[in-house]
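Just below is one structure, and these are the notes that go with it.
The values are calculated or read from the model by the stated rules, or taken from the named source; none is laboratory data. Computed from a predicted structure; not experimentally measured. Every residue, glycine among them, receives a Cβ derived from its backbone with ideal geometry; neighbour counts consider all protein chains shown. To get the accessible areas, we keep the full protein, side chains included, count just its heavy atoms, and leave off ligands, DNA and RNA. Shrake-Rupley method; radii C 1.70, N 1.55, O 1.52, S 1.80 Å.
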2 protein chains.
Amino acid sequence: MLVRDGEVRMQSVVEQTGVSVGSLYHRFGSREGLLARAWLDTLAAFHARFLAALDQPGEVPGLAEALETPRFCRDEPDKALILVCCRRSELMSDDTPEALQAELAAVNDGVMAAIEAFCRRTGLPLEIARLGLIGFPLGAVKLYMPGAPVPEALDEEIERAYRAVVLPRLVSS
Amino acid sequence: MLVRDGEVRMQSVVEQTGVSVGSLYHRFGSREGLLARAWLDTLAAFHARFLAALDQPGEVPGLAEALETPRFCRDEPDKALILVCCRRSELMSDDTPEALQAELAAVNDGVMAAIEAFCRRTGLPLEIARLGLIGFPLGAVKLYMPGAPVPEALDEEIERAYRAVVLPRLVSS
DNA sequence: CTTATTCTAGAAATAATGTTCTAATATGGG
DNA sequence: CCCATATTAGAACATTATTTCTAGAATAAG
């Protein structure tokens, strides 16, 4: 576990990974670089799954994506820990290396574009989509992480919430 | 704003409050003491409202409490910032002064007891109650904070989610 | 095998942050 | 008004964290 108590010290990274300080600086350039890389890799892993789910329309549009969050937490607990239990602002800030900031912008743009396309396709207001796809699922899994596994049964509850908020707004409903 | 980027430096507290280092240490004893006090005061302010709501049974039991979170964010944005955007572990840890740890335990016990009583009264499973009362409302407001106000319209969505998850489990439903 | 290159190690230097301390200032009771 | 107590101020100090640096080990190409 790289992240604990919200503070990442280079020293603790050294201890918990067995990698020396010199190697860390050789590879990441700085603490900022290391944190940004951790955040970006995590985000990329999640977004890959999220976007894949967006392309498979099921009975209820978007439901698969909403359920991708708890599944990600179960499938990749280490990455999910960073995604769910860290704020972006903790890992990336104004003095994050320029190149990495650009990388983040690119990833974010990709996801926003996908969500906006989803909204156009379904007629959902953006705020409702964000709530159902991100807000509720994230709030649900945070009740368990870190410390406990995200139970399978949670998915059913997330689905209920998603349907309740999204279905009344679907044009085709 | 006392909290920025998840790190609270004594120096930044001095700058943003105009209070000198000496005074801070006179009053709070240590950085740990200051952080814990901020967390506890915030928690107390929220819990006072939350528990008050728990005692007024409405048409849908618990709904008023669920909506207390977005309302708190609008009514007391500074405190809400700490409650919503900080992890407890950032502000309280093992080396928090003993007395303050005890205070936290007392507050937590009070809330847990109230929620458990609520569950006994309504027949709701604890996990469902936590999801509807805490998980979903918190996930919803976090989409906006920090940076934007929590819109009034969000309450309706939280209510939909609450009903969807809670009503099917209510014995009297 | 040899050399060039990349990577690793960890001590030492640098920088940032938390805490203490003493003097000065306010505050309130007699 | 005077003293006692509580509070404030901020420079000095101590601690903790990040970064640099040099020497050595691994790796790969010729």
What helices (runs of 4 or more DSSP H), lying completely within region A:97-173, carry at least 3 residues that are more than 14 Å from chain B (Cβ to nearest Cβ)?
A:98-122
Listed residues B:ALA48, B:ALA38; which is within 16 Å of DNA strand C (Cβ to nearest atom), hydrophobic (A, V, I, L, M, F, W, C) and within 13 Å of the chain's Cα centre (by Cα)?
B:ALA38
Within region B:7-50, how many residues are assigned to a helix (DSSP H, G or I) and either of a type in the set (Asp, Glu) or in contact with a Gly (Cβ under 8 Å, 6 or more places away or on another chain) (or both)?
4
If you take the residues of region A:39-68 that are within 17 Å of A:VAL150 (Cα to Cα) and open to solvent by less than 10 Å² (accessible area, probe 1.4 Å), which of them is nearest to the other protein chains (Cβ to nearest Cβ)?
A:ALA66
Could you look through region A:69-92, keep only residues that are in a loop (DSSP other than H, G, I, E, B) and open to solvent by 30 Å² or more (accessible area, probe 1.4 Å), and pick out the one that is farthest from the other protein chains (Cβ to nearest Cβ)?
A:GLU76
